[in-house]
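Right, one structure below, let's go through it.
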Amino acid sequence: MAAAVYGASEGLETIAIDDVAIGGQAGTSSRIENYLGFPNGISGGALAFKAQVQAIKFGARITVPRCAERLERDGDGFVLSLDDGKTLRGRSVVIATGARYRRLDLPNQEDFEGSGIYYAATDLEARLCEGQPVVVVGGGNSAGQAAMFLANTANCVYLLYRGAELGGSMSSYLTNRLEATPAIQIRTGTEVRELRGNGHLESIVVESRSGGREEIPTGAMFVMIGADPCTAWLRGTVDLDARGFVMTGHPASDGLLARSPFETSVPGVFAVGDVRSQSVKRVASAVGEGSVVVQAVHTYLSATAGQPVR
């Protein structure tokens, strides 16, 4: 959305495509408290909505839901094939497809997805589990933010993390707040082994690093254990790293361009945000990259005016 806002506001004909909803993972965050300019925090949904309104105000077109299936070079531009059979053509492409939530490797988890297992903690889920014990699985900022948010309505929040301590993957301010909240129980070195229930989740069985097992009664488990990049549609088009993230910052080989740190192995195609290899997985950094990449797009368009894409 940041790329759409800055692209449209700086005179580029801009189309933003999303296959689910505007905002990606950030859009499902219950509360973002360390984003500049919002000292009281803001929900991801509200932030994404404001960005969408802002992009439309500057003239960007937004199409949802649509999924990109193929990217090809064509003369002096690129052709993007969508899942509805239509195609879009442009002189430059910014890839900001982010990543998808990882799921626990449990045999019967599909039985409880949507009826006890959730991947986002919003007001809706908070109301569903009001006054009940809930479980949050994960050790990153998203898990910590969800635990803090759910502690306002649940009678107890179990934060489960398989690592030894939270500090390695979570902001220190958030770790301190979690430890100071009486309604939150932090269980490190712990993994979920079983899901139990009849039509709806009723309890989970967890196992500690020492091998001890415990059944925790709960009707809601929030799984926030990271994500995998949405780049399957790009294989064979741009260079990806071993984990599937888009590699950027390739050195120029022809002297035509001073290559941007956001440019992929294909000149004119850029990647920003969580989909980019070695990016910082923070909302603020993703917004910053989306804003800054527009300058690189302008540079590319100016340098290649009237020339075919190689």
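The values are calculated or read from the model by the stated rules, or taken from the named source; none is laboratory data. Keep in mind it's a predicted model, so treat the numbers as computed, not measured. Cβ: placed from backbone, ideal geometry, glycine included. Neighbour counts: every protein chain shown. Protein only, heavy atoms only, side chains kept; ligands, DNA and RNA dropped before computing areas. Shrake-Rupley method; radii C 1.70, N 1.55, O 1.52, S 1.80 Å.
Observations, loosely collected:
- Region 157-167 - residue that is in contact (Cβ under 8 Å) with a residue 24 or more places away in the chain and open to solvent by 20 Å² or more (accessible area, probe 1.4 Å) and, of those, nearest to Met221 (Cα to Cα): Tyr158
- Residue match in region 204-213 (condition: open to solvent by 30 Å² or more (accessible area, probe 1.4 Å), within 18 Å of Glu125 (Cβ to Cβ) and out of contact with any helix residue (DSSP H, G or I) (no Cβ under 8 Å at 6 or more places or on another chain)): no
- Breaking point among (1) of a type in the set (Gly, Ala, Ser); (2) open to solvent by 40 Å² or more (accessible area, probe 1.4 Å); (3) modelled with pLDDT under 95; (4) closer than 21 Å to Ala296 by Cβ, for Gly98: (2)
- In region 251-271, of all residues being within 24 Å of the chain's Cα centre (by Cα) and part of a loop (DSSP other than H, G, I, E, B), the one that is modelled with the lowest pLDDT corresponds to Ser260.
- For Thr175: the one exception among (1) open to solvent by 60 Å² or more (accessible area, probe 1.4 Å); (2) in a helix (DSSP H, G or I): (1)
- Among the conditions (1) touching a strand residue (DSSP E or B) at 6+ places or on another chain (Cβ under 7 Å); (2) under 20 Å from Glu33 (Cβ atoms), the only one that Ser115 does not satisfy is (2).
- Checking each residue in region 101-148 for being on the phi > 0 side of the Ramachandran plot, modelled with pLDDT of 90 or more and within 23 Å of the chain's Cα centre (by Cα) picks out Gly116, Gly138.
- Where a residue in region 177-195 is at positive phi and its partner, wherever it lies, is assigned to a strand (DSSP E or B), with Cβ under 7 Å and at least six apart: Gly189/Ser208
- Positions within region 43-85 being touching a residue at least 12 places away in the same chain (Cβ under 8 Å), over 22 Å from Val266 (Cβ atoms) and open to solvent by 60 Å² or more (accessible area, probe 1.4 Å), in sequence order: Phe49, Gln54, Phe58, Arg61, Val64, Pro65, Asp84
- Matching residues in region 15-42 - criterion: being touching a residue at least 60 places away in the same chain (Cβ under 8 Å) and either closer than 12 Å to Met1 by Cβ or open to solvent by less than 40 Å² (accessible area, probe 1.4 Å) (or both): Ile17, Gly24, Ala26, Ser29, Ser30, Ile32
- Filter result (touching a helix residue (DSSP H, G or I) at 6+ places or on another chain (Cβ under 8 Å), among the hydrophobic types (A, V, I, L, M, F, W, C) and farther than 28 Å from Leu234 by Cα) within region 93-152: Ile117, Ala121, Ala126, Cys129, Val134, Val136, Val137, Ala147, Met148, Phe149, Leu150
- Count of residues meeting criterion [open to solvent by 50 Å² or more (accessible area, probe 1.4 Å), assigned to a loop (DSSP other than H, G, I, E, B) and either closer than 16 Å to Ala183 by Cβ or among the aliphatic types (A, V, I, L, M) (or both)] in region 112-152: 3
- Taking region 83-99 as the range and being over 22 Å from Ile42 (Cα atoms) and either among the charged types (D, E, K, R) or in a strand (DSSP E or B) (or both) as the test, the residues that pass are Asp83, Asp84, Lys86, Thr87, Leu88, Arg89, Gly90, Arg91, Val93, Val94, Ile95.
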